[in-house]
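Trainee: Structure below; questions to follow.
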Amino acid sequence: DKLSGMDDEDDGEGKEEIVAEELKGAYEALKDYCESMDYDSAEMIFGELSKYKLPKEDADKVKELKALLKKLDWDTMEELIAK
């Protein structure tokens, strides 16, 4: 099941902190994938982000974006990314 790993609670313990530029790039890529409704590529970005420790605010944002992806709520994802 492709979605099975997307609910894992992860506090980032033992992971390298993400570089701000990488996080910004991930958000930009997600925005592009939302516009093209590219589920697989968006899922790939979340997989990459899961390898890093994210700041609390971004970790919450990513968690919400993952939930929106499951619902295919592209418009709300774009709005959240823009915040």
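The values are calculated or read from the model by the stated rules, or taken from the named source; none is laboratory data. Not measured: the values here are computed from a predicted model. Methodologically, a virtual Cβ is constructed for each residue, glycine included, from the backbone with ideal geometry; neighbour enumeration extends over all protein chains shown. Accessible surface is based on the protein model in full, side chains and every heavy atom, while ligands, DNA and RNA are left aside. Shrake-Rupley method; radii C 1.70, N 1.55, O 1.52, S 1.80 Å.
Trainee: Condition first: within 13 Å of the chain's Cα centre (by Cα) and surrounded by fewer than 18 Cβ atoms within 10 Å (Cβ to Cβ). Now tell me which residues in segment 59-71 satisfy that.
Mentor: Within segment 59-71, Ala59, Asp60, Lys61, Lys63, Glu64, Ala67, Lys70 meet the criteria.
Okay, residues lined up against (1) modelled with pLDDT of 95 or more; (2) of a type outside the set (D, E, K, R); (3) within 17 Å of Ala82 (Cβ to Cβ):
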| residue | (1), (2), (3) |
| --- | --- |
| Asp11 | no, no, no |
| Gly14 | no, yes, no |
| Leu23 | yes, yes, yes |
| Ala26 | yes, yes, yes |
| Asp32 | yes, no, yes |
| Ser36 | yes, yes, yes |
| Asp40 | yes, no, no |
| Phe46 | yes, yes, no |
| Lys63 | yes, no, no |
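Trainee: Does segment 72-82 include one or more residues that are closer than 23 Å to Glu16 by Cβ, open to solvent by 50 Å² or more (accessible area, probe 1.4 Å), in a loop (DSSP other than H, G, I, E, B) and free of Cβ contacts under 8 Å to residues at least 40 places away in the same chain?
Mentor: Within segment 72-82, not a single residue is closer than 23 Å to Glu16 by Cβ, open to solvent by 50 Å² or more (accessible area, probe 1.4 Å), in a loop (DSSP other than H, G, I, E, B) and free of Cβ contacts under 8 Å to residues at least 40 places away in the same chain.
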